[in-house]
Structure formats: structure tokens, C-alpha cells
Amino acid sequence: MLQEKKLIRQAVLEKRGCLTPLEAAQKSEAICCAVVATRAFVSARFIMAYIDARNEVQTEGIIRQAWAEGKRVAVPVCIPQTHMLLVSELTSFGELRDGFYGIKEPMEQCVRPVSPEQLDLIIVPAVAYDRRGYRIGYGGGYYDRFLSSLDKDIVTIGIAFDIQIVGEVPVQPFDIPVDMVITESGIIKGEKS
């Protein structure tokens with residue numbers, strides 16, 4: 001199963017790496033517009049979104065829209081020693097610096113830990129998703145651990161380009177699907193919904 005996930009991860013990352021900056025930006029904008037129109041986003045008071053890297057779906061538009069609507073925003077901070085995610089409130093993009101894995105994270109003095117129970121909505125990154133909402137991440141297990149510890153009432157939305165949707169992700173007992181996946185083509189309701 002790990003080998004199968006590894007092969008899917010390699011194939012999808014290769015495809016995603018071939019997107020031009022313009023293609024990634026245009027597709028990201030369509031995804032952002034769809035996310036902010038969801039009932040989950042509109043009703044959320046506190047959202048968590050990742051900071052994109054390596055040609056992922058860009059999240060800046062989602063974060064800026066949340067701030068414009070008076071919502072609070074949190075971002076993940078990787079704790080490499082424990083492979084856990086710390087949730088930290090973000091109030092400005094100026095608080096970010098290059099962190100673990102080259103992903104932008106809040107500077108040490110700007111880390112404001114937040115209890116995950118305060119969140120209403122989480123925007124979840126992945127390398128690949130299937131139509132049931134199961135995901136393949138980068139292999140570190142950070143989000144698997146994080147999502148499995150969450151209150152079931154917190155809505156999870158996976159965002160990905162169409163090229164990241166695969167036939168079927170091999171599933172292990174601890175894998176948790178997201179509620180929905182949004183691509184530039186539309187919304188895919190996950191198994192949980």
C-alpha cells in the first residue's frame with residue numbers, strides 16, 4: 001500500500017509540476033471563488049488554511065477574503081520532532097518566513113497557538129484526492145494525525161487541481177476523508193458528506 005501511494009504521489013507531483021505559473025494562478029482563482037461561496041466558508045468564524053508552496057493550489061485569495069469578511073485565520077506550523085501540527089493564528093502575510101520543508105510559517109515571535117476546537121473550517125492540502133475525499137499527502141503524516149484528532153463538527157475542504165484527482169486512494173484504517181474536494185471544475189462531495 002505504501003508503494004502504491006508513493007507511485008501515485010510521484011505521478012501527480014510530476015503532473016502538477018508541469019502547470020505553468022499562469023495556469024496554476026487561473027485554476028487557483030477559480031477554486032478560491034468556489035471555496036468562498038460554500039455555505040461552510042460563509043458561516044465560518046475561524047478558518048484554517050495552509051500557505052501554498054511547490055505549485056499547490058494558491059490560498060492567498062481565500063485567506064484575504066476571510067480577513068475581508070472579519071473572520072479569524074489560522075495556519076499550520078509543522079513540529080518536526082513530533083510530526084504534529086500546531087495551529088497558529090495569522091493576522092498578516094508579513095508575519096511569515098520560510099519554515100520546515102520550505103513552507104512559509106509564522107515567525108517564532110508571531111506564533112499564536114489556537115485550540116483546533118475553535119476552528120469551524122479547515123482547508124486541507126494534499127498531493128492527490130479521490131472522489132470519496134480520501135487523500136495522499138506528502139508522506140509525513142502531519143495532516144493524518146491532525147485530522148484524526150479533530151471534532152467531527154469541523155468542516156474539512158480539500159482543494160486540488162483536476163489533475164490531482166485520482167481513481168482511488170489506497171485507504172488505511174486511520175485515514176479520514178475530507179467533507180468535500182473543490183477543483184477548478186467544481187465540488188466533489190466526499191464520503192463523509
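The values are calculated or read from the model by the stated rules, or taken from the named source; none is laboratory data. Bear in mind the structure is a predicted one, so any value in this text is a computation, not a measurement. We place every Cβ from the backbone using ideal geometry, glycine too, and count neighbours over all the protein chains shown. Surface areas here come from the heavy atoms of the whole protein model, side chains and all, with no ligands, DNA or RNA. Shrake-Rupley method; radii C 1.70, N 1.55, O 1.52, S 1.80 Å.
Check whether at least one residue in segment 86-104 is hydrophobic (A, V, I, L, M, F, W, C) and in contact (Cβ under 8 Å) with a residue 60 or more places away in the chain, and report yes or no.
Of all residues in segment 86-104, those hydrophobic (A, V, I, L, M, F, W, C) come to 86-87, 90, 93, 96, 100, 103.
From what's left, in contact (Cβ under 8 Å) with a residue 60 or more places away in the chain: none.
Checked segment 86-104: no residue is hydrophobic (A, V, I, L, M, F, W, C) and in contact (Cβ under 8 Å) with a residue 60 or more places away in the chain.
Count, please, the residues in segment 146-160 that happen to be touching a strand residue (DSSP E or B) at 6+ places or on another chain (Cβ under 6 Å) and either aromatic (Phe, Trp, Tyr) or part of a helix (DSSP H, G or I) (or both).
Count: 1.
Return the total of residues in segment 42-65 being open to solvent by less than 40 Å² (accessible area, probe 1.4 Å), more than 18 Å from Leu119 (Cα to Cα) and touching a Ser or Thr at 6+ places or on another chain (Cβ under 6 Å).
1
Could you run through segment 97-137 and say how many residues are part of a loop (DSSP other than H, G, I, E, B), open to solvent by 10 Å² or more (accessible area, probe 1.4 Å) and of a type in the set (Gly, Ala, Ser)?
Number satisfying all stated conditions: 3.
Which of the residues spanning segment 68-84 are assigned to a helix (DSSP H, G or I) and in contact with a Ser or Thr (Cβ under 8 Å, 6 or more places away or on another chain)?
none
What number of residues in segment 163-189 are open to solvent by 60 Å² or more (accessible area, probe 1.4 Å) and either at pLDDT 90 or above or part of a loop (DSSP other than H, G, I, E, B) (or both)?
Selection size over segment 163-189: 6.
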